[in-house]
Each structure stands twice: as structure tokens, then as C-alpha cells.
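Working notes, beginning with the structure itself.
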């Protein structure tokens, strides 16, 4: 229907579409402004997108320095399927990381559950960290 809102009032519809994608391309920025894109699993959580990654990864280091990121729907290889959306990343604490793991495991079914459990066995609880992405 022309003129109707596909999502509730106040929700950034482009960000919402990205949050519903199977893979999300998270782009962080180096000190010199060079973009670095990484495809990740993601799970929508209200007005946020939850992601999960290795604690000592460079993307986490870049987010600590500059939380401005972009997100876009992509395929498993990181090929974008739409325009990037400006966003802000937050590194989660331990309970937030547990919530992100649970959300991703639920979203990706048995494969997500096996991946989360395997990661916990391999790296322990502190070896991975959750990210919460919100629209800018």
C-alpha cells in the first residue's frame, strides 16, 4: 500500500531490513579511515542487532577506538545485498555477551547452537564477545 509504513513508527526501516538478513556485513574503520568489512551472523533484538565475535579481533579493537560503523545485508562471503546503513557499535559485558550468544543460537538453529557450544569449549567464556549495533 503506497504511503503506509512497513515497520512501526520510529523504526529505521533500512536498519530493520538489515537486522532481518541471514548475514550482516559489519564495516569498522581503521585510524586512517579505511573501511574494513566482515560478514557476521546476527540476531535482531528489539531496536538492536546482536553479533558475536572473537574478543581480541581487530574489529573489536577498532570499535573500542571508534564505535561508528556501517551495516548491510550480505551473503556468506560478504558480498553486499543492499546499501550500508550508518550505525553505532557497543561492546557488551559478560551478561550481554551471553544474551547475544543465546539470541544467535536461537536464530541459526542447531548449527548456531553447535557453533556457540564449540566456541565455548575452544575459547572459554571470555574468548568471544557480544556486540550490540544500533542505528545512528
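Just so it is clear, none of the values below were taken in a lab; they were calculated from the coordinates. For clarity, every value in this text was computed on a predicted model and none was experimentally measured. Cβ: placed from backbone, ideal geometry, glycine included. Neighbour counts: every protein chain shown.
Tell me the mean residue ellipticity at 222 nm calculated for the chain from its helices only (DSSP H runs of n ≥ 4, each -39500 (n - 2.57), averaged over every residue, nearest 500). Result for the chain, helices only: -10000 deg cm²/dmol. Quote the relative contact order of region 17-72 in percent (integer), defining contacts as alpha-carbon pairs under 8 Å separated by 6+ residues. Rounded, it is 42 percent for region 17-72.
In percent, rounded to a whole number, the relative contact order of region 13-135 is 30, using alpha-carbon pairs under 8 Å and six or more apart. Nearest 10 degrees is fine. How inclined is helix 109-123 to the longest principal axis of the chain, computing both from alpha carbons? Its long axis makes an angle of about 40 degrees. By how many degrees, between 0 and 90 and to the nearest 10, does the Cα long axis of helix 94-107 differ from the longest principal axis of the chain? Roughly 70 degrees between the two axes. Computed with the Debye formula from one identical point scatterer per Cα of the chain, without solvent, the log10 of I(q)/I(0) at q = 0.10 Å⁻¹ comes to -0.32.
Say we join alpha carbon atoms closer than 10 Å with springs in a Gaussian network model of the chain; which of 48, 16, 61 then has the biggest fluctuation? Answer for the Gaussian network model of the chain: 61. When each of the peptides 104-113, 84-93 is scored by the mean number of other C-beta atoms lying within 10 Å of its residues, the order from highest to lowest reads 84-93, 104-113.
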